[in-house]
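These notes are about the structure you will find just below.
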Amino acid sequence: MTRHQSVRFTLLDQQIIDVDDRRIGRVDDLLWEQPSPGEQPLITHVLVGAQALGDRLGGITGWLMAHVAARLRGTTDPEGPTRVPTQLVGDHQDLVRLRVPLSELPQVAGLERWLAENVVGRLPGAGDADQ
Amino acid sequence: MTRRVLALVAAALLVALALWYGQAPPRSSEMYRKRAEETVQAMRSQAQVATFWLRAASAGRVTREAATVGIEDAEGDAGATSAEFAGWDPPADLVGLRDEVTDAGDDLTDALADVRIAAHHGQWGRLSEAAGQLDPLADRLASLGTRVREGGR
Amino acid sequence: MKPSKLLAFTLGTLSAIGGFIDIGDLVADALVGARFGLALAWVTVLSVVGIACYAEMSARITVQTRRPAFDLIRSRLGPGYALAGLLGALAVTGLLVMAELSGVALALQLATSVHYLLWVPVAAALVLVLVWVLPFETMERIYGLLGLTMLVFVVAVWHLIPDWFRLWSSATTPAPPAGETWPAYLFFVVTLIGAQMTPYEMFFFSSGAVESRWGPKDLTEMRVNVLVGFPLGGLLAIAIQAVAFLVFFDAGIQVEHLSETVLPVGLALGKIGLAIALIGVFAATFGATLETLFSTGYQLAQYFGWSYGKVQPPAQAARFTTSIASMLLLATALALTTINPITVTIVAVVFSATLLPFTFLPVLLVGNDQQVMGDLANGRLSNALGTITLGISILVSLAAVPLLVLTRAGTS
């Protein structure tokens, strides 16, 4: 690998899909940890969701986005924006592919779940796809 | 952050200024005369559109439904155009011009209202004569427009 | 070629035609034809070339990466820039949804003389039901086929027995005719470009490529759709200008309503021609409602990374489905405030013209990215046309609002 690989281009803002090829969201932010002083920082979690994105964007727009998103989340997580541990991330060449299906990530895409259960899912024909 | 806010405020002010300029009533005699000419041309166009629809309907080229809608559109436009013009204060020396234009506007809206009512009542036989009523109005507006443009009154 | 392949070919083309003609075109082309004759026909030619270039580019990006063009804007240019683009696009396209929906209602009004505001909720309900029930390609097919009826405008030109020399000399004189000023002429250049080179056409075409699951082997089919569909759309636009010219120009009539757009067809071809024109207008505005509506959903979903589209059940793309339904509701509410849809169209179209360079630039950049595009990266023709179009869009973007103010939206 001769090209300098920056996480900015290879990981951040990329589309995340689960093991069933279903779109979940994007890599909206990354959580780093420095195990001990002097050591290389590691990415421990991938943050997903408009709350994480709003925090990252900053400014008035970012604040607005983060607050609205925090309100709209199905679950209330005191820890802050939704996070996915990096162990669950598989190949991230082009799309960021997770090793597990969405059903095993209850904290991710809460709004999607809520809408699917309470609004869209209740309408007739909601389960039918195009052939 | 403050720079961005300032930029946004400046942009908003610019937009507001631009909109105000666009909507502002005419102030000088020259501008007033120009707006008068535009108004008269618009009204003449509206009279002629109505005539087109009426003639097309009597010739069976268009359905009565479509002609009714066309006439309603023309009437609505005529009302809006003359009301807008009437709302502008004329310069002292052009009060007569204002009267001429608003008179023509009133006659036009009356004529078009009659046409619209007859159309709604299904009196289509009567309407080809109504088209005849609109022609002299259109001519009157045309000559008024020429006089305004040439600086007469 | 297998019959089904041929069908797919023609139908993609038809939706490109339908996508080109919408309420903005229907009114702007007639307006321009009545005031300027064919002196603005060159703008249509320019717009066709420009939008075809960028539609092909964004679809080619999709064909190679299996992801639509807007999807890649955030990945390559960052969330901040993409958010600005998203908000601008949502505002303009949202206004257009309202205008197109009103256009459907206006077409129904012309057919029945029942007031258009009463038709607005009916049209919205029809859109909602069809979007829910019908597969993507069937939707495209229906309004694509019905949109073919717009060709009646071309027939009408013939039937008006025009002075062809006069048409030709009008088309080849790119200057305002007597009685019109240059600022007004230039304002309508901007308006036509805004009405004919709309970003949603590009995004819809490339998202549609995802929905139709196009891959590199479909490249030729995609190019045929572009090369046949958009020019045909341009031909229709010029035909609308021409009939308005032939009927209204000498009488000095100004066009401000959809009713005036179809009147010349009635005069030329009688009630049958008028009926066919109304079907065409209905199909064009209905199709445009669907396209603008879906565009807003796609843009939102692609920015945030949600699942979207009709390839999966609505329950698995809940946020996408909800945003589309909400947008339709918003558009209906806006239409029911009785605000003039033609005014909204002009405003939306002028602001769309202002935002054009910001939508074209990322697509041009991604199209040139060798890493992403591989052997399907832009060739010299694509880049040449793309850069020229981008340059023109920058000029248009800068001139749009000043001209809007200076000419008071073309009235002086």
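Remarks
- For segment B:28-149, size of Cβ-based charge dipole, Lys and Arg +1, Asp and Glu -1, in debye: 460
- Averaged per residue, chain C has 34 square angstrom of accessible surface, using a 1.4 angstrom probe with ligands and nucleic acids left out.
- Peptide C:254-261 has a mean shielding of 6, counted as Cβ atoms of other protein chains within 10 Å of each residue's Cβ.
- Averaged over C:366-378, number of beta-carbon atoms from partner chains that fall within 10 Å: 0
- Extension reserve of the B:A7-B:A80 stretch, reckoned as 0.36 nm per residue once the Cα distance is removed: 22.6 nm
- Percent accessible area from carbon and sulfur atoms, segment B:28-149, protein chains only, probe 1.4 Å: 47
- Two-site FRET efficiency, C:W42 against A:R71, from Cβ-Cβ distance with R₀ of 51 Å, rounded to 0.05: 0.50
- For segment C:171-240, applying the loop criterion from DSSP together with a ceiling of 14 other beta carbons within 10 Å to the trypsin sites (Lys or Arg not before Pro) yields C:R213.
- Overall, segment C:107-263 carries a charge dipole of about 260 debye about its Cα centre when +1 sits on the Cβ of Lys and Arg and -1 on the Cβ of Asp and Glu, all other atoms neutral.
- Relative packing of peptides C:379-389, C:52-62, C:314-324, A:108-118 - highest average C-beta neighbours within 10 Å first: C:52-62, C:314-324, A:108-118, C:379-389
- Each principal axis of segment A:7-122 carries a Cα extent, and these read 53, 36, 24 Å when sorted largest first.
- Accessible surface buried at the A:C interface totals approximately 2900 Å², computed with a 1.4 Å probe on protein heavy atoms.
- Taking amide H as placed 1.01 Å from N in the peptide plane, the amide H of A:T82 sits under 5 Å from that of A:V48, A:A52, each at least 5 places away or on another chain.
- More than 16 Å apart - percent of Cα-Cα pairs taken over segment B:28-149: 57
- Low-density loop cleavage sites - trypsin sites (Lys or Arg not before Pro) in segment B:1-108, where at most 12 other Cβ are within 10 Å (DSSP): B:R27
- Percent of Cα pairs in chain C per distance bin of 20 Å, from zero to the largest separation: 29, 60, 11.
- Charge dipole (the protein assembly as shown, unit charges on Cβ, about Cα centre) - positive-most of C:V372, B:A142, A:A52: C:V372
- Candidates C:F36, C:A251, A:P106 compared by Cα position along the dipole of the protein assembly as shown: farthest toward the positive end lies A:P106, with charges placed on Cβ.
- Protein accessible area in segment C:202-305, 1.4 Å probe - carbon and sulfur %: 70
- Close amide H partners of A:T44, meaning residues 5 or more places away or on another chain with modelled amide H under 5 Å apart, are A:L31, A:W32, A:E33.
- Computed magnitude of the charge dipole of segment A:7-122 (debye, nearest 20; Cβ of K, R +1, Cβ of D, E -1): 340
- Rounded percent of accessible protein surface that carbon and sulfur make up, segment A:7-122, 1.4 Å probe: 55
- Per-residue ellipticity at 222 nm from helix content only, as computed over the protein assembly as shown with -39500 (n - 2.57) for each DSSP H run of at least four residues, stands at -24000 deg cm²/dmol.
- Most tightly packed first, judged by the mean number of other beta-carbon atoms within 10 Å of their residues, the peptides A:33-46, B:81-94 read B:81-94, A:33-46.
- Filtered GluC sites (Glu not before Pro), segment C:247-331: DSSP coil and at most 10 other beta carbons within 10 Å: none
- Farthest towards the positive end of the charge dipole of the protein assembly as shown, among the residues A:T10, B:I117, C:L356, is the Cα of A:T10, using unit charges on the Cβ of Lys, Arg, Asp and Glu.
- Per residue of C:296-304, other chain Cβ atoms within 10 Å of the residue Cβ number 2 on average.
- For the pair C and B, total buried accessible area rounded to nearest 100 Å², probe 1.4 Å: 2400
The values are calculated or read from the model by the stated rules, or taken from the named source; none is laboratory data. Just so it is clear, the model here is predicted, and its values are computed rather than measured. With ideal geometry, Cβ positions are generated from the backbone for all residues, glycine too; neighbour counts draw on all protein chains shown. When the accessible area is computed, the model is the full protein with side chains, heavy atoms only, and any ligands, DNA or RNA have been set aside. Shrake-Rupley method; radii C 1.70, N 1.55, O 1.52, S 1.80 Å.
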